[in-house]
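Beneath this line is the structure, given in structure tokens, with notes to follow.
The values are calculated or read from the model by the stated rules, or taken from the named source; none is laboratory data. Note that the structure is predicted; figures quoted are calculated from it, not measured. Cβ sites come from the backbone with ideal geometry, for glycine too, and all protein chains shown count toward neighbours. Remember, those area values only see protein heavy atoms, side chains included, never the ligands or the DNA or RNA. Shrake-Rupley method; radii C 1.70, N 1.55, O 1.52, S 1.80 Å.
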Amino acid sequence: MNATWLAVVIAAVFEVMWVIGLKHADNFIEWTATVLAIIISFSVMIMAGRKLPVGTVYAVFVGLGTAGTVLSEIVIFNEPLNIEKLILVGVLLIGVMGLKLVTPDAIKEGGEA
């Protein structure tokens, strides 16, 4: 995995943080951390979109963020676990991995892969 794809993963981790923050923050420090996570998440995703196809970056970002949020809610916040939810997260992750596999690692100057 190159640095640009790693940036997409890092952006998705911060997405999970801010989504959880939107639901659970209830004081100034938690809201500040949520806003910082939003800024970091989108900034890193935008930087990755400069080197990789934007549609793929966004799909991977949202897919990983969604899977991470669902799994975090189950593990950290004791959200009910059901097999349907796990199967759907698995299908989502398979799609994200497929997009990563069929997308060139970097776009060269001039837009050619």
Determine the pairs where a residue that is closer than 17 Å to Thr69 by Cα, located within region 19-30, has a partner that is exposed (fewer than 11 other Cβ atoms within 10 Å of the Cβ) and of a type in the set (Phe, Trp, Tyr) with Cβ atoms under 9 Å apart, the partner being 6 or more residues away or on another chain. Ile20/Phe77; Lys23/Phe77; His24/Phe77
Single match in Val16, Val70 (criterion: modelled with pLDDT of 95 or more, assigned to a helix (DSSP H, G or I) and within 27 Å of Leu101 (Cα to Cα)): Val16
Residue by residue through region 41-52, note down the ones that are surrounded by fewer than 19 Cβ atoms within 10 Å (Cβ to Cβ), touching a residue at least 40 places away in the same chain (Cβ under 8 Å) and outside any helix (DSSP H, G or I). Lys51
Could you check Gly90 against (1) open to solvent by less than 30 Å² (accessible area, probe 1.4 Å); (2) of a type outside the set (Ser, Thr, Tyr); (3) in contact with a helix residue (DSSP H, G or I) (Cβ under 8 Å, 6 or more places away or on another chain); (4) over 17 Å from Thr103 (Cα atoms) and say which number it fails? (3)
Residue within region 77-86 that is at pLDDT below 90, of a type outside the set (Val, Ile, Thr) and open to solvent by less than 50 Å² (accessible area, probe 1.4 Å) present: no
Which pairs do you get when a residue that is of a type in the set (Ser, Thr, Tyr), found in region 93-113, comes within reach of a residue that is at pLDDT 85 or above, reach meaning Cβ atoms under 7 angstrom, with the pair 6+ apart or on two chains? Thr103/Leu52; Thr103/Pro53; Thr103/Thr56
Residues being open to solvent by less than 30 Å² (accessible area, probe 1.4 Å) and of a type outside the set (A, V, I, L, M): count how many of those fall in region 1-20. 3
Looking at Gly55, is it touching a residue at least 12 places away in the same chain (Cβ under 8 Å) and surrounded by fewer than 16 Cβ atoms within 10 Å (Cβ to Cβ)? no
Here are some conditions: (1) on the phi < 0 side of the Ramachandran plot; (2) out of contact with any helix residue (DSSP H, G or I) (no Cβ under 9 Å at 6 or more places or on another chain). Thr34 meets all but one. Which one does it not meet? (2)
Here's a check for you: in region 25-39, which residue that is open to solvent by 70 Å² or more (accessible area, probe 1.4 Å) and in a helix (DSSP H, G or I) is nearest to Lys100 (Cα to Cα)? Ile39
Cβ-Cβ under 6 Å pairs, at least 6 apart or on other chains, region 77-92 side on the phi < 0 side of the Ramachandran plot, far side surrounded by 10 or more Cβ atoms within 10 Å (Cβ to Cβ) and of a type outside the set (Asp, Glu): Leu81/Ile74; Val89/Ala67; Val89/Val70; Leu92/Gly63; Leu92/Ala67
